[in-house]
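To keep things clear, I will list the structure first and then write my remarks on it.
What follows draws every value from the coordinates through simple rules; no lab data is involved. Just so it is clear, the structure is predicted and the values come from calculations on it, not from any experiment. Positions of Cβ are backbone-derived with ideal geometry, glycine not excepted, and every protein chain shown enters the neighbour counts.
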Amino acid sequence: MSYAIIGFGEIGHALAKAFARKGIEVAVATTRDPKSFAADAAAIGPTIIPKTLAEAVKADTIFLAVRFESHPEVAKALPDWKGKTVIDVMNTQVPLQELDGLPSSAFIAKVFAGARLVKGFNQLVAAVLGQDPAVHGGRRVVFLASDDDGAAAEVGALAEKLGFAPIQLGRLAEGGLLVHARGKSWGHLIFKDLLRFDR
């Protein structure tokens, strides 16, 4: 299984730290030349590999961590997203009516047609997401929502491997709304920092 993070801002850096902590190789890419952020990647760890966008989208599992308005440019990087798992880590305050009345991830799923889309890792602010998820004997929770149970399970297994405690919220139109920033109306679980203690 190969992994990539598209977007190397605060959230992209936080995700890269999670991979580096566990020594798992992950490609990082933006629309810029990888040489321009190679030093930043190296500072996080040797398993963080700068690549071009065209190279990074060859990964099996792709974290979409760009600004929401930049996602169409990423979508164009592949003619067909079939067989890819895309984890939507983006947040937006674009009103639902501008997204055809859909939660942002359901809207993104249409743009990345063919991909298995999972909403996840987005309820934590970057400063928290970048910290070690092992806290006081518990593990930091990440919420996941998807219309594809298999993809949700696979991303849940990856979250566990990265040290997080995944909680499945169900489908995008249900659980996805709980972690969606909806204009002035916020999902009940957005930006909640919770721990799970396994007994």
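Values computed for the structure shown
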read-out	value
Highest to lowest packing among 108-120, 78-90, scored as the average C-beta count within 10 Å	108-120, 78-90
Dimensionless Rg/Rh of the range 94-199 - Kirkwood Rh, Rg from C-alpha atoms	0.98
CD proxy at 222 nm, helix term only [per DSSP H run n ≥ 4: -39500 (n - 2.57); per residue of the chain; nearest 500]	-7000 deg cm²/dmol
All-pairs alpha carbon distance profile, the range 12-81, 10 Å steps from 0, percent	20, 55, 24, 1
Long-range amide H partners of I167 with built H, under 5 Å	V142, F143, L144
FRET efficiency, 1/(1 + (r/R0)^6) with R0 22 Å, evaluated for D33 and E69 via beta carbons	0.55
DSSP-defined antiparallel bridges as percent of all bridges, the chain, nearest 5	30 percent
Cα→Cβ-extended label distance, 7 Å offset, between A54 and Q168, nm	3.9 nm
The chain - percent relative contact order, Cα under 8 Å, separation 6 or more	19 percent
Cα Rg, Dmax (largest Cα-Cα span) when computed across the chain, Å	15.6, 47
Base-10 log of normalised Debye intensity for the range 27-128 (one unit scatterer per alpha-carbon) at q = 0.13, 0.21, 0.24 Å⁻¹	-0.49, -1.19, -1.40
Most to least packed among 143-149, 44-50 [average Cβ atoms within 10 Å]	143-149, 44-50
For I49, residues with placed amide H under 5 Å, excluding near neighbours	V26, A27, V28
